[in-house]
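The values are calculated or read from the model by the stated rules, or taken from the named source; none is laboratory data. What you are looking at is a predicted structure, and each value in this text was computed from that prediction instead of being measured. Ideal geometry is used to build each Cβ from the backbone, glycine not excepted, and the neighbour counts take in all protein chains shown.
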Amino acid sequence: MSFSALLLWTGLAGALAGSLAGFAGRSRRAVSASFLAGALGCALLAIQASWTLLGGGSPAFTLSLPGATSPSPLLLLAISEDPLSAFFLLVVSVSSGAVLVASVGYVDQFVHDRKGVLAGLCNLFILSMVLVCVAGTVFLFLVAWEAMTLLSYFLVIHEHEDPANRRAGLTYVIMSHAAAGGIIVALLLLAVGTGQPAWSGIAANASALSPWVRDTAFVAALVGFGTKAGMVPLHAWLPGAHPAAPSNVSALMSGVMIKMGILGLIRVVFDLLAGGPMWWAYAILALGAVSALVGVLYAIAQHDLKRLLAYHSIENIGIILMGMGASLAFLDLGYLPLAALALAATLLHTWNHALFKPLLFLGAGAAVGATGTKDIERLGGLIRRMPGVALGFLIGALAISALPPFNGFVSEWLLFHSFFAAFTTGSVLTEMIFSALAAVLALTSGLAAYCFVKAFGITFLARPRSREAETAPPVRRSLIGGMGFLASLCLLFGVAPVLALDMASPALTQLTGSTLGSGISWGVLSSLPGPSGAPLPLAPGVLALVLLAGLGVVWVAWRLRGPPRVTPRPSWDCGLDEPTSRMEYTASGYAQPLEQVFQDFYRPHPRTETRPAVRSDWASLSRLRAFSQEVIDPVWNTLYAPMAGGALLLARKASRLQSGRIHSYLAYMFVTLIVALLLVRFVWGFSP
């Protein structure tokens with residue numbers, strides 16, 4: 001057995017051992033051991049994936065089911081790791097390992113005795129995602145995909161006492177299984193059309209497929225994998241499932257699981273089909289742009305902290321899809337270096353999002369667990385109670401807002417330059433489209449920063465807005481350790497993005513036949529890999545180093561001079577008492593100007609409530625009026641709610657067939673058999 005295969009098997013065994021430890025024990029020690037065993041397995045898997053990406057060899061072995069070799073080749077089970085699967089395995093293992101370490105401290109907030117079940121399911125969930133990455137055949141991929149869906153469903157409804165959590169879980173599992181239908185159609189079309197069950201065999205023979213098979217497989221894959229990724233308008237499950245799940249599970253789902261949809265789409269479009277016509281690229285670009293804008297706009301309107309982060313997952317999936325569509329467009333135009341640049345931005349943002357989004361969900365989970373509420377309006381002042389969590393959340397907020405020197409800036413910077421590089425193609429239509437996409441990306445980044453000023457400022461700064469926020473207990477060091485690890489990586493890959501780009505380089509060569517090449521050095525892109533070869537401005541690594549050097553100079557100067565001498569004096573406050581939390585900005589007040597600008601998009605539902613005042617000395621103050629407004633996702637009301645209503649109406653009509661008489665049921669069976677035989681004979685032309 002090779003060293004790479006040994007690492008893979010040991011890592012899988014660690015995750016499995018962690019799962020068994022969780023199911024077997026209920027004590028705090030057993031739960032901690034379960035999470036730590038899974039984290040150790042993730043560390044070994046990260047080493048194995050890095051070993052593969054650095055050229056150390058990849059594991060490959062095949063297991064045939066009984067009788068599967070000749071009569072049913074599609075039932076072949078094989079594990080093989082190419083650069084694409086190794087890169088996503090690295091994403092899964094690094095992000096999941098940090099979340100498992102943080103979970104040791106996170107689960108202390110639960111009062112029920114199902115902590116061991118939560119730990120066991122988390123490890124199995126991670127194991128299923130690992131199998132999705134390394135599956136080498138259609139059958140094993142579909143089995144692992146279904147396991148991932150079912151395990152994540154049980155994790156979403158872990159706190160099933162709340163009816164809202166059960167509804168969110170039901171929506172998630174229904175949409176996930178509908179998406180699985182599209183995935184099955186796409187993969188079986190490719191496998192049956194080529195006669196090959198393995199990825200390598202399909203890719204080698206896909207050129208012989210007819211155009212309608214390729215187009216049908218693309219559309220089915222886009223619907224199936226796009227639903228799992230949270231692409232608009234197939235995102236309806238995501239804003240409900242993420243807040244319903246425990247926060248460490250939300251970190252896994254948002255940081256890792258939705259990336260499996262990106263993996264599947266890249267696998268089908270770039271690896272198996274090797275690109276396609278330009279309308280494929282336009283479809284992905286349009287859906288990506290809409291997802292990015294819808295996600296960030298609805299995030300701004302949310303006052304549920306976890307729902308806000310869930311909508312930002314939709315936004316970032318949109319950014320990833322825009323990069324994927326740009327790469328596909330450049331492939332069709334024949335500009336392979338530009339295709340590699342856009343796909344590098346796609347893979348890098350996938351990696352970066354898997355770092356800062358779990359960091360944000362873990363911070364939100366610490367705040368929610370300590371206060372018992374997800375409502376931002378009832379938080380505030382938590383930086384005094386949990387400074388480590390506040391610092392980690394701030395770093396995640398800066399990274400997701402694409403601000404240097406953190407990693408989110410790097411991937412969006414690369415994506416901007418891939419859009420600007422379209423001006424070297426000489427196509428007016430391409431230039432117009434990518435100009436609009438650059439504007440969408442710029443607007444999305446600005447709105448994300450606007451949103452996280454609200455999310456961080458009102459949650460952690462100012463004065464507590466409730467008794468729960470004022471008395472929030474401290475968090476355990478393991479939670480701070482997991483968040484600190486992710487925050488450190490956000491800074492590391494912002495200052496030295498070449499580390500992540502080197503890991504992505506083999507996948508770029510596999511998928512586009514090109515790479516960024518010698519233009520990459522430590523944090524610097526010296527030349528644009530496009531037709532013109534035009535030089536790029538300063539890269540993020542240089543900007544980050546300059547910024548850090550400036551901060552260092554300021555710190556040294558401050559230390560040499562010492563703190564300024566300030567004599568405290570009370571400020572004039574017009575005779576008012578000490579400011580209270582009622583005088584602070586609220587989340588609603590902060591978001592209201594932007595909601596006013598986009599009111600035609602939001603279509604808010606205002607509510608006015610009249611309450612009796614505490615004091616009624618004056619008639620004009622005898623009643624208080626409270627104003628609030630709710631923003632509802634229009635996709636649910638216009639698309640999914642009518643579909644659900646129609647399904648319920650059809651079910652009620654069909655229930656009349658259930659008469660309770662065996663004679664009626666036999667008649668139904670007889671009529672169904674006759675109709676089936678007529679279809680076989682006259683529609684499909686089959687005769688015995």
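Table for the structure above
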| quantity | calculated |
| --- | --- |
| Checklist (1) in contact with a strand residue (DSSP E or B) (Cβ under 9 Å, 6 or more places away or on another chain); (2) within 28 Å of Leu479 (Cβ to Cβ); (3) of a type outside the set (Lys, Arg) applied to Ser200, failing item | (2) |
| Evaluation of Asp108 against (1) surrounded by fewer than 20 Cβ atoms within 10 Å (Cβ to Cβ); (2) more than 29 Å from Gly396 (Cα to Cα) (one fails), failing number | (2) |
| Any hit, region 391-400, residues being surrounded by fewer than 23 Cβ atoms within 10 Å (Cβ to Cβ) and farther than 21 Å from Glu315 by Cα | yes |
| Failed condition for Leu403, given (1) assigned to a helix (DSSP H, G or I); (2) surrounded by fewer than 22 Cβ atoms within 10 Å (Cβ to Cβ) | (1) |
| Any hit, region 431-453, residues being of a type in the set (D, E, K, R) and in contact (Cβ under 8 Å) with a residue 24 or more places away in the chain | no |
| Unmet criterion (only one of (1) out of contact with any helix residue (DSSP H, G or I) (no Cβ under 8 Å at 6 or more places or on another chain); (2) more than 30 Å from Gly372 (Cα to Cα)) for Ala421 | (1) |
| Residue within region 197-205 that is within 22 Å of Ile284 (Cα to Cα) and not charged (D, E, K, R) present | yes |
| Ser96 at pLDDT 90 or above, in contact with a strand residue (DSSP E or B) (Cβ under 9 Å, 6 or more places away or on another chain) and either surrounded by 24 or more Cβ atoms within 10 Å (Cβ to Cβ) or more than 19 Å from Leu150 (Cα to Cα) (or both) | no |
| Those helices (runs of 4 or more DSSP H) lying entirely in region 104-210 with at least 2 residues touching a His at 6+ places or on another chain (Cβ under 7 Å) and under 30 Å from Trp9 (Cβ atoms) | none |
| Filter result (over 31 Å from the mean Cα position of the chain (by Cα) and surrounded by fewer than 17 Cβ atoms within 10 Å (Cβ to Cβ)) within region 192-203 | Val192, Gly195 |
| Out of Leu209, Leu188, sole residue that is touching a residue at least 12 places away in the same chain (Cβ under 8 Å) and out of contact with any Ser or Thr (no Cβ under 8 Å at 6 or more places or on another chain) | Leu188 |
| Residues within region 406-453 that are among the acidic types (Asp, Glu) and surrounded by 21 or more Cβ atoms within 10 Å (Cβ to Cβ), tallied | 1 |
| Unique match (being closer than 30 Å to Ser478 by Cβ, among the β-branched types (Val, Ile, Thr) and surrounded by 24 or more Cβ atoms within 10 Å (Cβ to Cβ)) among Val256, Val296, Val269 | Val256 |
| Residue in region 4-17 that is in contact (Cβ under 8 Å) with a residue 60 or more places away in the chain, under 18 Å from Gly482 (Cβ atoms) and within 27 Å of the chain's Cα centre (by Cα) present | yes |
| When residues of region 631-677 are limited to those that are part of a loop (DSSP other than H, G, I, E, B) and free of Cβ contacts under 8 Å to residues at least 40 places away in the same chain, the one farthest from Val597 (Cα to Cα) | Arg661 |
